[in-house]
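Only one structure is covered here, and it is reproduced in the block below.
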Amino acid sequence: MSRAFSSLSDLLSNSSPAATGYPCTISVWFKNNALTTQQALFALGTSGGSNNNSMILQTTASGQCQLTVTGASGGSQATSTTSVSDANWHLYTGIFASPTSYSVYLDGGSFGTQTNAHSPTAFNITRAAQWPNAATPILSAGELAHLAVWNIALNSTQVASIVTTPPSGVAAGNLQGYWTLTDNASPEPDLGLGGHSLTVTGTTYVADDPYAAVTTTHNGLLLVGCG
């Protein structure tokens, strides 16, 4: 089960942040239906007229996983070394360890990192399928499931484990936000420690879960639910 996003108005949001700053990790399963389009997956940021002071997990127009970290002016990206070229489920993970250390993983591997210094002010909003401010409407065209936020920088072993283990089984004591998107609930309940339910705008409930029994491999790692 998951939620499908297909229009500019489809959105999940909360006016409070699931995490206020670094260190933190954000992760989401995404089935991409527009492989050549840059798409927003999950973001923590600040309200206002720009997307400054944000942490944005997204895809590139080449199908890579990318984490953009912005400060008061400008930002930089960490980008995965490989890209997605199919419409199956894939795991996207971004880690903001410090202002000079942020990184991404695609399907638990394909590690990419960035060290350019950016220091966002404290985040105050949570959004899925859209950048922190709608002034830049880069939205998802596909399905999202199992959104998660930790208030620590997960290590590579922990990130790889999310491929086969739902977020609730990984560093559970630091899991500040977890939305399965599998129960067709509105608002979407937060099963993490933060209690930040997500307001649902649009979207379609789909009987399609990445943690289903189907298995395959990608980048040498076991994946589930790729059908």
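Within the option set ASN124, ASN133, ASN155, being of a type in the set (S, T, N, Q) and surrounded by fewer than 16 Cβ atoms within 10 Å (Cβ to Cβ) holds for one residue only, ASN155. Being modelled with pLDDT of 90 or more, surrounded by 23 or more Cβ atoms within 10 Å (Cβ to Cβ) and touching an Asp or Glu at 6+ places or on another chain (Cβ under 8 Å): is that true of ALA148 here? No: the conditions fail for ALA148.
The rows are residues; the columns are (1) within 14 Å of the chain's Cα centre (by Cα); (2) without any contact (Cβ under 8 Å) to a residue 40 or more places away in the chain.
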position: THR60; (1), (2): yes, yes
position: THR68; (1), (2): yes, yes
position: GLY75; (1), (2): no, no
position: THR82; (1), (2): no, no
position: SER103; (1), (2): yes, yes
position: ALA122; (1), (2): no, no
position: PRO132; (1), (2): yes, no
position: ALA148; (1), (2): yes, no
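Selection of strands (runs of 3 or more DSSP E) fully inside the range 171-227 by the criterion of at least 2 residues being buried (at least 18 other Cβ atoms within 10 Å of the Cβ) and modelled with pLDDT of 90 or more returns 175-179.
Just to be sure before I move on: is HIS118 of a type outside the set (Lys, Arg), crowded, with 21+ Cβ neighbours inside 10 Å and assigned to a strand (DSSP E or B) in the structure I sent?
On the way: of a type outside the set (Lys, Arg): yes; crowded, with 21+ Cβ neighbours inside 10 Å: yes; assigned to a strand (DSSP E or B): no.
No: the conditions fail for HIS118.
The values are calculated or read from the model by the stated rules, or taken from the named source; none is laboratory data. Please read all numbers here as calculations on a predicted model, not as lab measurements. Because the Cβ atoms are built from the backbone with ideal geometry, glycine has one as well, and the counts that use them run over all protein chains shown.
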